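Worksheet for the structure shown next.
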Amino acid sequence: MYGKQYPDKNDLVIIQIKDKKDYGVHAELLEYPIINDGTYLTGINYDAQRKIEGLITELPKRKLHSNNIEVARVLYVDKSKSYIDLSLNRITDGEKLITLEKWQKSNFVYDIMKSVSLESGEPLSKLIDTFCKPLYEKYVHADDIFREIRYAHKDIDELKLLSESTRKILYEKLNYYLPDEKIKISAVLSLISIIGIDDVKFALNKGKELYPHIMIRSISSPDYLLEIFCDAIDKDKYIKIMNNAIEYIKDNFRGTMTIIKKPD
């Protein structure tokens, strides 16, 4: 997935328990599918041992999902023998959460590149080595930069590593796998009038008349919530619309208006 064949020592990896041996537990590294044998869990404490025995008992009945995988730490890697020693010990809940999130993102990137490979005719291994590997080395995660390419139209140098035809296919796949996301833009206003509530309603209605898709509701007097739902790609546009509505409300209000929360 990451353009390398083996994990490094101390890496946290996603595994699926496969079988129990006399010398340890056989596990499959889901992020490194090329490694099928020689991956073992050792130094397992009593609680982990009981959990693993339960997993092995249930294996024939279970499909791969989040309850059937574990996060393990790489203790030792022997590339010449394709041997990897793993441990379930001393991994915090925070480390597990981060590792699982990384795996989910990596799966998503892998699926996109597999689809690009099938349509372009370029080998998947070549696409991962020449395009994805540099992304993983330069950015936090390839998934994050894919989203920036899709939604922010970010132009990165690594795109030039792909042929023009493959690059076009990648854009098509990003549009397919990452449809327009809906986001909410909101602001909170405080409206205080010595004239009365009718003055407040008049000003708010004026803002809604100008932009009917803005939803306005009272939180608790004198505070009001303004909301717009829009596509993520149009966020800047609708923040501007919200600001214009706020200015229009202010122009039609004879009391004191305070922006408690700016549009975001």
Filtered residue count, the stretch 107-161, keeping only those that are of a type in the set (Lys, Arg), exposed (fewer than 15 other Cβ atoms within 10 Å of the Cβ) and in contact with a helix residue (DSSP H, G or I) (Cβ under 7 Å, 6 or more places away or on another chain): 2
Residue match in the stretch 246-257 (condition: surrounded by fewer than 19 Cβ atoms within 10 Å (Cβ to Cβ), within 30 Å of ARG147 (Cβ to Cβ) and touching a strand residue (DSSP E or B) at 6+ places or on another chain (Cβ under 6 Å)): no
Yes/no for PHE202 being over 21 Å from PHE229 (Cα atoms), of a type in the set (Phe, Trp, Tyr), in contact (Cβ under 8 Å) with a residue 12 or more places away in the chain and in the same structural domain as ASP234 (by TED's automatic domain parsing): yes
Members of the stretch 220-234 that are crowded, with 18+ Cβ neighbours inside 10 Å and either modelled with pLDDT under 90 or β-branched (Val, Ile, Thr) (or both): ILE228, CYS230
Any hit, the stretch 170-187, residues being surrounded by fewer than 13 Cβ atoms within 10 Å (Cβ to Cβ), of a type outside the set (Phe, Trp, Tyr) and over 22 Å from the mean Cα position of the chain (by Cα): no
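Residue-wise test of (1) of a type in the set (A, V, I, L, M); (2) out of contact with any helix residue (DSSP H, G or I) (no Cβ under 7 Å at 6 or more places or on another chain); (3) at pLDDT 90 or above.
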| site | (1), (2), (3) |
| --- | --- |
| ILE183 | yes, no, no |
| SER190 | no, yes, yes |
| LEU210 | yes, no, no |
| SER218 | no, yes, yes |
| ILE239 | yes, yes, yes |
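For every residue, the table says whether it meets (1) buried (at least 16 other Cβ atoms within 10 Å of the Cβ); (2) modelled with pLDDT of 80 or more.
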{"position": "TYR40", "(1), (2)": "yes, no"}
{"position": "ARG50", "(1), (2)": "no, no"}
{"position": "ASN68", "(1), (2)": "no, no"}
{"position": "ALA72", "(1), (2)": "yes, yes"}
{"position": "LYS79", "(1), (2)": "no, yes"}
{"position": "GLU95", "(1), (2)": "no, yes"}
{"position": "THR99", "(1), (2)": "yes, yes"}
Qualifying positions in the stretch 191-209 - surrounded by 15 or more Cβ atoms within 10 Å (Cβ to Cβ) and not β-branched (Val, Ile, Thr): LEU191, SER193, ASP199, PHE202, ALA203, LEU204, LYS206, GLY207, LYS208
The lone exception for LYS133 - which of (1) touching a residue at least 40 places away in the same chain (Cβ under 8 Å); (2) within 20 Å of LYS4 (Cα to Cα); (3) outside any helix (DSSP H, G or I) it fails: (3)
Flag if LYS201 is of a type in the set (Lys, Arg), in contact with a strand residue (DSSP E or B) (Cβ under 7 Å, 6 or more places away or on another chain) and within 30 Å of ILE259 (Cβ to Cβ): no
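The values are calculated or read from the model by the stated rules, or taken from the named source; none is laboratory data. Here the structure is a predicted model, which means the values were calculated and not measured. Using ideal geometry, Cβ is built from the backbone for each residue, glycine included, and neighbour counts are taken over all protein chains shown.
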